[in-house]
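Please read the structure below before turning to the comments.
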Amino acid sequence: MIQIEITNKRMYFDIEKYELEMLEDTRFSKLKLYLAHSGLNNNKSTISLSVLQSKDVENSVINAPILAHIIKEDDDFGEHEMEYDEDSEKINYIEKPIGVIPAINHSYHYEEIDGRTYAVVYGYIWNVYAQDAVEIIQREQNIKLSVEIVIDESKFNNTTKILDIKKFRYTGVTLLGKKFETGMIGAHAVLEKFSKTNKDKFSKNLDELNNYLLTFSNNEIDINMQNVFSKTSKYETEEDYVVPKSKEEIAIHFKLTSNQLNSEISKVLREHKYITRNWCGESVERECYYLTDYDESYVYYVDAEDSYLNKKAPYKLIGDNVEVMFKESKRIKYSPVDWVEGEDEEISVMSEFSATLESESAEKFKLMKEENETSKSTYSSKLSEKDDLILEMAKTIKEIEAKFSQADKNIQEKNDEIKKMSEVISKYKQDEDDEKVEILFAEYVSLITEDEKKNLKEKRSQFSTFEGYEKEIKSFVCDRIVKKAKDHKMNFISMGILHDHQDDENKDEKKEQSHWDRLEKKVKNN
């Protein structure tokens, strides 16, 4: 916006808006976007009017993209489309940018509809690069939309199950197809058309501006402005007369008012934030700088991040934009001076204003310092409590570790005792087994040689039980008896009932002998 000020009268002429609208019918399609509203929405969340109208929310809409995904089968828009790539661990957005909400001419404002206050803004779709999307928009004229936001602060009500959004930012706007529902009630986009009537109106206003400027005498208009806007002798024809249209050509002849300059400087200072902690120990974002005063060369402010020190920094105007050189800032002090009485009323008023401002700044600084000290004290106390808790936990862990260490030692001692007992039991079993083996071989001492006995003892480890080993030895002895019987041409079948008359005397005793004893006796007699 360019402000032209002549004596006590002001005129406004929006060059940028005209230049952008001249391109709309070829390069852009203009959409009126109903983004969000105050109160409860379809997503079971609510936004108060003060939050909706906050400056941070309004500023976040600048340069936000307008997105869409076209479903070919439906010949309509889809919704929020994305997919997750597990390999790269990235989210791939299927919906693509088709336009933008620009930094200028977005006309962010509010409208009342059905008892709700809607945030409304203008966005622009690229006609050439988003032809398929433009065709759908031109066909439907009215499109559902879903605003994409980042919630920075919120509070959930467990009773009502409603999320109260305390702070948020716009990140984008997605156009939706007819079959999809909106998060905000009635959120939609309407196609705006720029007609030839608007162009004619602009040309008419331009002519009126030229004629108005030409009505002033040389005493009312700065000589430089005459050279810019007046028809002088060097313009011989109507076609030769040119009115400058750019900011650079016009704004250099005019200065901002005191209030405007104050507003612009304050705006620049508010952009700088820092993170600190409140009295609850929570991280909060606060403004770094607070404006106290300014003159033609310096901005005077309080640096909250640097212990609320008074500082000054040089500034300059680039067009109508303020640039503060914070890197060249210096700490300052205020010196008491005598009060000016009487004649110089302007100096008196300014001195009074400066004194009042200084007093208020000192009081505010004192309050902020007290709040900061309270926050530090509370935070330090909580931090100390947590340190004590950590030390107590460390002590408990150390005691538990000592108990576990003693338990491990006891278990190891028991294991050693069990091992020793196992070794004793194993040795006892081995001795018992060796004794059984010796008794077994003693029964067949005449049938087994010492070498055979040695070989047979080595086979003991191949049997898990003594009974199995005993059967093996008896089998070996049986084979030996049978072989000897054959060598002496004995009838092995009748061998069990053959006996001599000498045995008749001990007939009763013989009946008690085992089959193996009788076999062994027969072999010996032969």
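So the values come out like this:
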{"read-out": "Some residue of the stretch 420-433 being among the hydrophobic types (A, V, I, L, M, F, W, C), at pLDDT 85 or above, within 60 Å of the chain's Cα centre (by Cα) and not in a loop (DSSP other than H, G, I, E, B)", "value": "no"}
{"read-out": "Members of the stretch 261-303 that are within 21 Å of Lys55 (Cα to Cα), touching a residue at least 60 places away in the same chain (Cβ under 8 Å) and hydrophobic (A, V, I, L, M, F, W, C)", "value": "Leu261"}
{"read-out": "Residue that is surrounded by the fewest Cβ atoms within 10 Å (Cβ to Cβ) [pool: residues in the stretch 42-66 that are assigned to a helix (DSSP H, G or I) and not hydroxyl-bearing (Ser, Thr, Tyr)]", "value": "Lys55"}
{"read-out": "Some residue of the stretch 280-290 being of a type in the set (Gly, Ala, Ser), under 30 Å from Tyr379 (Cβ atoms) and either exposed (fewer than 13 other Cβ atoms within 10 Å of the Cβ) or at pLDDT below 80 (or both)", "value": "yes"}
{"read-out": "Looking only at the stretch 298-343, and only at residues there that are polar (S, T, N, Q) and under 22 Å from Lys267 (Cβ atoms), the one that is surrounded by the fewest Cβ atoms within 10 Å (Cβ to Cβ)", "value": "Asn321"}
{"read-out": "Output for the stretch 123-169, where each listed residue is part of a strand (DSSP E or B), touching a residue at least 24 places away in the same chain (Cβ under 8 Å) and among the β-branched types (Val, Ile, Thr)", "value": "Ile125, Ile143, Val147, Ile149, Ile162, Ile165"}
{"read-out": "Within the stretch 455-466, considering residues that are exposed (fewer than 10 other Cβ atoms within 10 Å of the Cβ) and assigned to a helix (DSSP H, G or I), the one modelled with the highest pLDDT", "value": "Gln462"}
{"read-out": "Given (1) open to solvent by less than 70 Å² (accessible area, probe 1.4 Å); (2) over 22 Å from Leu52 (Cβ atoms); (3) touching a strand residue (DSSP E or B) at 6+ places or on another chain (Cβ under 7 Å), index of the condition Thr171 fails", "value": "(2)"}
{"read-out": "Selection within the stretch 37-67 - more than 24 Å from the chain's Cα centre (by Cα) and within 16 Å of His188 (Cβ to Cβ)", "value": "His37, Asn41, Asn42"}
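Residue-by-condition table, conditions (1) in contact with a Ser or Thr (Cβ under 6 Å, 6 or more places away or on another chain); (2) among the hydroxyl-bearing types (Ser, Thr, Tyr); (3) outside any loop (DSSP other than H, G, I, E, B):
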| residue | (1), (2), (3) |
| --- | --- |
| Leu256 | no, no, no |
| Asn262 | no, no, yes |
| Ile265 | no, no, yes |
| Val268 | no, no, yes |
| Tyr274 | no, yes, yes |
| Tyr300 | yes, yes, yes |
| Ser307 | no, yes, no |
| Lys312 | no, no, yes |
| Tyr315 | no, yes, yes |
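The values are calculated or read from the model by the stated rules, or taken from the named source; none is laboratory data. Everything numeric here is computed off the predicted structure, so don't read it as measured data. Neighbour counts are summed over all protein chains in view; Cβ atoms, including those assigned to glycine, are modelled from backbone coordinates with ideal geometry. Surface areas here come from the heavy atoms of the whole protein model, side chains and all, with no ligands, DNA or RNA. Shrake-Rupley method; radii C 1.70, N 1.55, O 1.52, S 1.80 Å.
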